[in-house]
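Structure first, commentary second.
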Amino acid sequence: MMHVVRKALDLRFFVAVAVLCFAVALSAQGQEWNSYSYPSEGFRASFPSEPEQQKRNISTEAGIFELRSYLVQVAPYALFIGVCDYAGKAAGSDPDALLQGAKQGALTNSSSHLVRENKVTLGIYHGLDFESESDTAHYSARIYMVGDTLYQTLVVSPLGKNYADTVRFLDSFQLIPRARN
């Protein structure tokens, strides 16, 4: 008799765990992603919610530039796209050197060290795909030099907890015709 009760409890436990796993999977899939287009910036990307837009000035060796950012926080993760126009100051510069400088700036600003790096392209444009880590965070980034514009795509995760949709977000970034104001 005790064996039958134990078997029934084991079955109930298994069913409860299966239902819980199914519910977690459904809630993860239920997060609706939408594509957001920014013609004035020349890009489109998919986010799980509408990004918050911010502007701030950043100092570089070449001067002060405006960084326009698009940010979504899916606690404890952050998804970020940054756009910075160099207004002709990048003309004639090697795009790979500019990308290396941007990567080094990102590593310095995040107090992180490089884990992995690959050269990539976005159409005809040069880019870098890299990951870095600090004491508390993991950074997955792709940066592209498109003429005089640097595009940065980034996912920030707590160390040891990678965001399941990192590739989905990074792959969603696309260039579109840029509408000049």
For the range 87-107, what are the residues that are part of a loop (DSSP other than H, G, I, E, B) and farther than 17 Å from G63 by Cβ?
D94
Could you tell me which numbered condition R142 fails, if it satisfies all but one of (1) crowded, with 18+ Cβ neighbours inside 10 Å; (2) in contact (Cβ under 8 Å) with a residue 60 or more places away in the chain?
(2)
Could you list, in sequence order, the residues of the range 29-57 that are outside any loop (DSSP other than H, G, I, E, B) and either among the charged types (D, E, K, R) or touching an Asp or Glu at 6+ places or on another chain (Cβ under 8 Å) (or both)?
N34, Y36, R44, E52, K55, R56, N57
Could you check how many residues of the range 58-86 are in contact (Cβ under 8 Å) with a residue 40 or more places away in the chain, assigned to a strand (DSSP E or B) and not β-branched (V, I, T)?
7
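FYI, it's all coordinate maths here, none of it is from the lab. Everything numeric here is computed off the predicted structure, so don't read it as measured data. A quick note on method: Cβ atoms are made from the backbone with ideal geometry, for glycine too, and the neighbour counts reach across all protein chains shown.
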